[in-house]
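Colleague: Below is the structure I would like to discuss, written out as structure tokens.
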Amino acid sequence: QVQLVESGGGLVQPGGSLKLSCAASGSIFSINTMGWYRQAPGKQRELVAGITSGGRINYADSVKGRFTISRDNAKNTVYLQMNSLQPEDTAVYYCNADVQFSYRYYWGQGTQVTVSS
């Protein structure tokens, strides 16, 4: 079994920054893609950013230029640096990992990000 634990969420003013981290542990052979999703109240969960083990990255259009995803493969950890945060970014942010040779993807418990003045 694999566990993902997110941290770094909180309350920030518009224009502020936060950095999220997600550490994976457990029975891991390797991890292909790690990513961040978010879900706002009344909204569907959406992909924010993803990064492969080789460093290929994709972002949602809404965050491109403001957010930066990175990972430390040795630590099985993925990060999300969020700059120029806006109220529309308010959501629960979830970490996701595609573990090789697993029949399923794994999700973290989520961390709340609130952007408000």
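Colleague: Starting from the range 87-99, keep only residues that are open to solvent by less than 10 Å² (accessible area, probe 1.4 Å), then list their pairs with residues that are of a type outside the set (Phe, Trp, Tyr) and modelled with pLDDT under 95 whose Cβ atoms are within a distance under 7 Å, requiring at least 6 positions of separation or different chains.
Modeller: Cβ pairs passing all conditions: 97/2; 97/31; 99/2; 99/28; 99/31.
Colleague: Same structure again: Give the residues of the range 65-86 that are open to solvent by 70 Å² or more (accessible area, probe 1.4 Å) and assigned to a loop (DSSP other than H, G, I, E, B), sorted by residue number.
Modeller: 65, 86
Colleague: How many residues are outside any loop (DSSP other than H, G, I, E, B) and free of Cβ contacts under 8 Å to residues at least 40 places away in the same chain when one looks only at the range 10-49? Before the answer, list the steps.
Modeller: Of the residues in the range 10-49, the ones outside any loop (DSSP other than H, G, I, E, B) are 10-12, 18-26, 31-39, 46-49.
So of that shortlist, the ones also free of Cβ contacts under 8 Å to residues at least 40 places away in the same chain come out as 26, 46-47, 49.
Looking only at that region, the number is 4.
Colleague: Let me ask you something else. How many residues are under 23 Å from residue 100 (Cβ atoms), assigned to a loop (DSSP other than H, G, I, E, B) and open to solvent by 50 Å² or more (accessible area, probe 1.4 Å) if we restrict to the range 50-64? It would help to see each step written out before you state the result.
Modeller: At the first step, the residues of the range 50-64 found to be under 23 Å from residue 100 (Cβ atoms) are 50-58.
Okay, now just the ones that are also assigned to a loop (DSSP other than H, G, I, E, B), so 52-56.
If we keep only those that are open to solvent by 50 Å² or more (accessible area, probe 1.4 Å) as well, we get 53-54, 56.
Residues that pass the stated criteria total 3.
The values are calculated or read from the model by the stated rules, or taken from the named source; none is laboratory data. Being a predicted model, the structure only gives us computed values, none of them experimental. In this analysis, Cβ positions are derived from the backbone assuming ideal geometry, glycine residues included, and neighbour counts consider all displayed protein chains. For accessibility, only protein heavy atoms count, side chains too; no ligands or nucleic acids. Shrake-Rupley method; radii C 1.70, N 1.55, O 1.52, S 1.80 Å.
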